[in-house]
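Report on one structure; see the data block that follows.
The values are calculated or read from the model by the stated rules, or taken from the named source; none is laboratory data. Keep in mind that what you see is a predicted model, and the values were worked out from it rather than measured. We place every Cβ from the backbone using ideal geometry, glycine too, and count neighbours over all the protein chains shown. Side chains are part of the model used for accessible areas, which takes the heavy atoms of the whole protein and leaves out ligands, DNA and RNA. Shrake-Rupley method; radii C 1.70, N 1.55, O 1.52, S 1.80 Å.
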Amino acid sequence: MSSYWNDRVKKLDPYVPGEQPRDGQFIKLNTNENPYPPSPKVIEAIRKVLSDGPAMGDRLRLYPDPGCRELREAIAGRYAVKPDQVFAGNGSDEVLAFVFGAFFNSNTALPILFPDITYSFYPVYAGLWNIPFRTIPLTEDFSINSDDYLVPSGGVIFPNPNAPTGRTLPLRDILAVAGYQKKQNRVVVIDEAYAAFSGPAGDESAVPHIQEYPNLLTVHTFSKMGSLAGLRAGFAIGSEELIEGLCRVRDSFNSYPLDRLAQAGAAAAIRDTAYYDGITQKVIATRERTAAALITLGFRVIPSGANFLFVSSPKKTGPELFAALRERGILIRHFNKPRIVDFLRVSIGTDEDMDAFLKACGEIAFD
Ligand SMILES: *Cc1c(COP(=O)(O)O)cnc(C)c1O
């Protein structure tokens, strides 16, 4: 604690991201990155930005388009919405930070609502902006009960599928929450970081309903499905008035959150649906195979619509399993939190990664 810090910074409780080891020795299943490379068209688009003009990198002299027009048009085309219903930001974490700043009030008796087990960045943003929040316990099997969110609030936010549980909430439940909160003039934010992996069970994305619910905002990232965690690009889709609210916060903070390379690369990614459908199907197939194998080993596996599994071992505690896997060169994520201390979140890697993980689990779980 430094005496130079202001009172706000002294009170912050910052998010701690998953470990990014510097050497490449680990099988990295701890931060939900995609195991497959991004589309070759992304690389081509980034190269084109760099080689445009009289000298290599000439375009980097100039500020990027603050409105991210090309990227927003590509996103709008892909989701059948208008460009003015799209906001682009420096990763969805930045978009989420702006969401808390734009739509949720501080100095109010009505707290915003999110689950007790969810993306651990939400309470951090609430702390940054001084927004009161109330967490609502997931049910015994880690489901969201949407009825819990049909109450007066300062707003609602959760991911669908939820993180780190992986469970998907049916679209009709989301719309029930959006409908109730619409009558209260509150914003409902659905963080769809993992929606692309919900797969054959049906698309539960709320995007097609933003017209009907002007208070409904969906948040998306290029990091997971798009294989571009290193590029830092995310976006939100919602009514024009919500998007304008986000722009007001952005333009009070940083007018150029997305650089030229990120804008061009992300636009190329969103257009290459064929490539991304292919790698997404591979991740889903590997997830299902891994889940079945873990169940055979006696693990408890929460049904997942994401690119990770939330599991607990029959014999070992969460910290024991985490440490034993790390010793064998496999990194996974453990959250030292009530209710989930014996669970581990395992990102889906390549088939070879998961074979190594399953082999280690077979050895560790019963020794
Ligand atoms: C990974 C993740 C994000 C952040 O994604 P970035 O675009 O990389 O910032 C946001 N929400 C959830 C639920 C996530 O798991």
Within the range 212-230, track down each residue that is touching a residue at least 60 places away in the same chain (Cβ under 8 Å) and either open to solvent by 30 Å² or more (accessible area, probe 1.4 Å) or in a helix (DSSP H, G or I) (or both). Lys224, Met225, Ala229
Closer than 11 Å to Val219 by Cβ and of a type in the set (Asp, Glu): which single residue out of Asp93, Asp116 fits that description? Asp93
Any idea which residue in the range 179-204 is least open to solvent (accessible area, probe 1.4 Å), counting only those that are assigned to a loop (DSSP other than H, G, I, E, B) and without any contact (Cβ under 8 Å) to a residue 40 or more places away in the chain? Glu192
Those residues of the range 100-122 which are in a helix (DSSP H, G or I) and within 11 Å of the ligand (Cβ to nearest atom) amount to Phe121, Tyr122
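Picking from Leu175, Leu169, which residue would you name as being away from the ligand (no atom under 16 Å from the Cβ) and farther than 30 Å from Ile46 by Cβ?
So the residue among Leu175, Leu169 that is away from the ligand (no atom under 16 Å from the Cβ) and farther than 30 Å from Ile46 by Cβ is Leu175.
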Hits in the range 41-55 - residues which are under 15 Å from Ala266 (Cα atoms) and open to solvent by 100 Å² or more (accessible area, probe 1.4 Å): Lys41, Glu44, Arg47, Lys48
Does Pro115 fit the bill of being buried (at least 19 other Cβ atoms within 10 Å of the Cβ) and in the same structural domain as Leu258 (by TED's automatic domain parsing)? yes
Just one listed residue, out of Ser205, Ser227, is within 16 Å of the ligand (Cβ to nearest atom) and on the phi > 0 side of the Ramachandran plot, and it is Ser227
Filter the range 61-99 down to residues that are among the small types (Gly, Ala, Ser) and away from the ligand (no atom under 13 Å from the Cβ) and give me whichever is nearest to Ala269 (Cα to Cα). Ala74
Among the candidates Pro17, Pro83, Pro38, which residue alone is open to solvent by less than 80 Å² (accessible area, probe 1.4 Å), under 30 Å from Asp203 (Cα atoms) and either of a type in the set (A, V, I, L, M) or in contact with a Ser or Thr (Cβ under 8 Å, 6 or more places away or on another chain) (or both)? Pro38
So which pairs qualify, if the first residue must be in the range 56-82 and closer than 14 Å to Cys247 by Cβ, the second must be at pLDDT 95 or above and not in a loop (DSSP other than H, G, I, E, B), the Cβ gap must be under 6 Å, and the two must be at least 6 apart or on different chains? Cys68/Ala88; Cys68/Gln263; Arg72/Pro83; Arg72/Val86; Arg72/Ala88
